[in-house]
Amino acid sequence: MLNFELKNPTKILFGKGEISKISKEIPQDAKILMIYGGGSIKNNGVYDQVKDALKEHNLHEFGGVPANPEYEVLVKALQFIRENKITYLLAVGGGSVIDGVKFLSAAAKYEGEPWDILKRPVRTLEGEALPFATILTLPATGSEMNSGYVISRRETNEKLSSGGPGLFPQFSVLDPEVIRSIPKRQIANGIADAYTHVLEQYMTAPSSADLQERIAESILISLQETAPKVMTENFDYDAAGNFMWCCTMALNGLIQKGVITDWAVHAMGHELTAYYGIDHARTLAVIAPSHYRYNFDTKKEKLAQYAERVWKITDGNTEEKAEAAIRKMEEFFHSLEIQTKLSDYTEDYQKTAERVEKAFTERNWLGLGEHKNLTPQDAYKIVEMSY
Ligand code: NZQ
Ligand code: ZN
């Protein structure tokens, strides 16, 4: 097992009715800015619950953060934070709102051009950011219990990520009841995103970190078993709770400790969102199968382990099991009504591989993947395979 450090300071308040407790978690003298998205929280009662819980606090609000949080919108919130001397941010939404708030939290105390935060090599350290918390309304990204974020900038077709130990939420409320109002398309996205988060930290090479591997496999199995229950029309609180906790556990830092991790699927997927606006999770379902086929030789042992332990495939040699595993993965995405070819999403795909190769070269991303040896030319071939 590789050496590691682990510190995750985010307090989780899990379960029905927990939103009502937030007044005790936020300092009484805080000047709070509640930040939300396009308005789903006003239709499902979450907005009213937050307002009610914080009626004794000094509360301001900023709505309209779009999916794939947009820099142009966030700089307006930043201006509000500075002008009104806000001291505490509260994200109420999915990964986009939470990521937007992390960016604002980092930018609030940063003197330079805010976009530069995403381009600088240093990350946001403890004490450098404005304190913030989250009320999660869409299980998917794990952003509610990690310190990373991803921001988009339409004018330059960029989607970049950053983070740092100073960007963990102080607390996050996970109430499975919020899942009642999520459209099935977004639930499918959440399952596919969390599933791929596990794959990015697992589908590398066999390791001696037995516990991390088995936790990762358990999350995959739980997501597979929970998926049909949360995709039906009838709301099932326990299934919703399992789905929510799987998504958080998939990317709160635990399963990446002591092992090598990949993340090339996300790097390529973010480009597809930046160029075509394809939902984040769907870009991963497009890239992942091609990525595993292209890197078959280095990943086949782990693919075979995934076949055996997660899909209970016992027939065949390592190569046959590994191939069957990739097919199972594709079938799982299809069972969520998520297509796995780029041409299913856009007719304008022919130049994508070229664009990705060029973008990675310009950004100096010359070695991606767990062995840091995937070149922009490799990315070209993987993206081309996904057409
Ligand atoms: O904006 P509103 O009206 O709230 O509607 C949202 C949005 O349209 C809706 N929604 C959320 N909760 C709902 C709901 N609708 C009904 N009922 C509810 N309870 O769902 C839509 C999508 O929301 P969004 O926040 O965009 O989705 P998601 O959570 O999938 O976040 C995606 C973003 O997170 C980034 C992605 O790149 C993307 O920008 N990621 C962040 C990561 C992280 N911070 O660790 C890791 C991920 O890999 C990912 O890259
Ligand atoms: Zn993701």
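Nothing in this text is a laboratory measurement; each read-out follows from the coordinates by a stated rule. All of these numbers come straight from a predicted model, not from anything done at the bench. With ideal geometry, Cβ positions are generated from the backbone for all residues, glycine too; neighbour counts draw on all protein chains shown.
The table below lists the values:
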| read-out | value |
| --- | --- |
| HN-Hα J in Hz across the range 51-57 - Karplus 6.51, -1.76, 1.60, θ = phi - 60°, x for Gly and Pro | 4, 5, 5, 10, 5, 8, 9 |
| Mean ellipticity per residue at 222 nm, deg cm²/dmol - from DSSP H runs of n ≥ 4 across the chain, formula -39500 (n - 2.57) | -14500 deg cm²/dmol |
| Rounded tilt (10° steps) of 318-335 against the dominant C-alpha axis of the chain | 40 |
| Packing-based exposure ordering (other Cβ within 10 Å, fewest first) of ILE215, ILE26 | ILE215, ILE26 |
| Length released on extending from LYS85 to GLU320, taking residue separation times 0.36 nm less the Cα-Cα span | 78.6 nm |
| Spin-label zone in the range 18-45 - amide nitrogen under 18 Å from a point set 7 Å from the Cα of GLU56 along the C-beta vector | 18-32 |
| Check: the chain dipole with +1 on Lys, Arg Cβ and -1 on Asp, Glu Cβ, in debye | 580 |
| Exposure proxy order (Cβ contacts within 10 Å, fewest to most) of LEU2, LEU199 | LEU2, LEU199 |
| Estimated Rh, the chain: Kirkwood, alpha-carbon pairs, angstrom | 21.3 |
| Additional length obtainable on full extension of the chain from ASP210 to LEU2, 0.36 nm per residue less Cα span | 73.7 nm |
| Vicinal HN-Hα couplings computed from phi for the range 365-373 (Karplus, 6.51 cos²θ - 1.76 cosθ + 1.60; Hz; Gly/Pro x) | 8, 9, x, 9, x, 5, 9, 6, 10 |
| Ranking of LEU254, LEU6, LEU174 by count of other Cβ atoms within 10 Å, fewest first | LEU6, LEU254, LEU174 |
| Segment LYS229-VAL75, extension gain: residue separation times 0.36 nm, minus the distance between their alpha carbons | 51.5 nm |
| Whichever aspartates and glutamates have a C-alpha closer than 15 Å to that of LYS11, once near sequence neighbours (fewer than 8 apart) are set aside | GLU25, GLU144, ASP175 |
| Degrees, to the nearest 10: 237-250 long Cα axis against longest axis of the chain | 80 |
| Contact order relative to length of the chain, as percent, for alpha carbon pairs under 8 angstrom and 6 or more apart | 15 |
| Computed label-point distance, nm, for sites GLN377 and LYS21 using a 7 Å Cα→Cβ extension | 5.6 |
| Tensor-based shape of the range 1-97 (alpha-carbon gyration tensor, a/c under 1.5 rounded, otherwise prolate or oblate) | rounded |
| Rounded FRET efficiency, nearest 0.05, which uses the C-beta distance separating TYR237 from GLU111 and R0 of 41 Å | 0.30 |
| ASP48-TRP365 pseudo-label distance in nm [points 7 Å out on the Cα-to-Cβ vector] | 4.4 |
| Using alpha carbons only: equivalent-ellipsoid semi-axes of the range 184-385, gyration tensor based, whole Å | 25, 21, 16 |
| Distance violations [Cα-Cα > 29 Å] among LYS102/LYS381; LYS109/LYS159; LYS257/LYS299; LYS55/LYS76; LYS7/LYS300 | LYS102/LYS381; LYS7/LYS300 |
| Karplus-derived HN-Hα couplings along the range 251-265 (A = 6.51, B = -1.76, C = 1.60, θ = phi - 60°), whole Hz, x at Gly and Pro | 9, 10, x, 5, 7, 8, 6, x, 10, 8, 10, 9, 6, 5, 4 |
| Under-5 Å amide H pairs with ILE135, H placed in peptide plane, nonlocal only | ALA91, VAL92, GLY93, VAL173 |
| Angle between the chain longest axis and helix 71-83 axis [Cα atoms, degrees, rounded to 10] | 30 |
| Cβ-derived FRET efficiency at R0 25 Å, LEU125 paired with THR298, nearest 0.05 | 0.15 |
| Inter-probe distance in nm under a simple model that places probes 7 Å from Cα toward Cβ, at GLU331 and GLN28 | 6.0 |
| Sparsely packed trypsin sites (Lys or Arg not before Pro) within the range 271-369, loop by DSSP, other Cβ within 10 Å at most 16 | LYS312, LYS341, LYS351, ARG363 |
